[in-house]
1. Between Thr78 and Ser54, what FRET efficiency comes out of the Förster formula 1/(1 + (r/R0)^6) with R0 = 30 Å and r the beta carbon distance, rounded to 0.05?
2. Leu38 to Leu90: extension gain in nm, 0.36 nm per residue of separation minus the Cα-Cα distance?
Amino acid sequence: MIRCDMRRILASTARTAPSKIRVGGVHRGRSLFPVLLLILALALGIASGARAASCRDEVGTAKADRYVRQCLMVSPATHPPCNAENSCSLIRDEIARGCRLLGGDAAMPEFCRPYLRPAPKQP
């Protein structure tokens, strides 16, 4: 987790930022850069606070556990996202990727078949 001290950042940038605010053609001597930096930091903080629901919350424990087992069976990743705390779409995407890598292999699990169907074309 990245932590930042906005007071220190704003204090250091206020001394070095060349842009100045002009109001009605009159130079006010204030730097616009710290204000923009603060807005950016707040926006990033709000965006990082938003978190997708877990797969367990989306579809229930039984179905989420089934997705996790399937994901672990086919994922080639060393640290796969096969965890019920991740979103179902992330887990299903990893299952689809693993199934595509298996291709038409005879040892391919039966649950892979729906993931190998071509996606419908969008208009």
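1. Working: r = 22 Å, r/R0 = 0.74.
About 0.85, to the nearest 0.05.
2. Working: separation 52, 0.36 × 52 = 18.72 nm, distance 3.20 nm.
Length gained, Leu38 through Leu90: 15.5 nm.
A short reminder: the numbers here are calculations on the coordinates, not readings from a lab. Quantities reported herein were computed from a predicted structural model and do not represent experimental measurements. Virtual Cβ from ideal backbone geometry, glycine too; neighbours counted across all protein chains shown.
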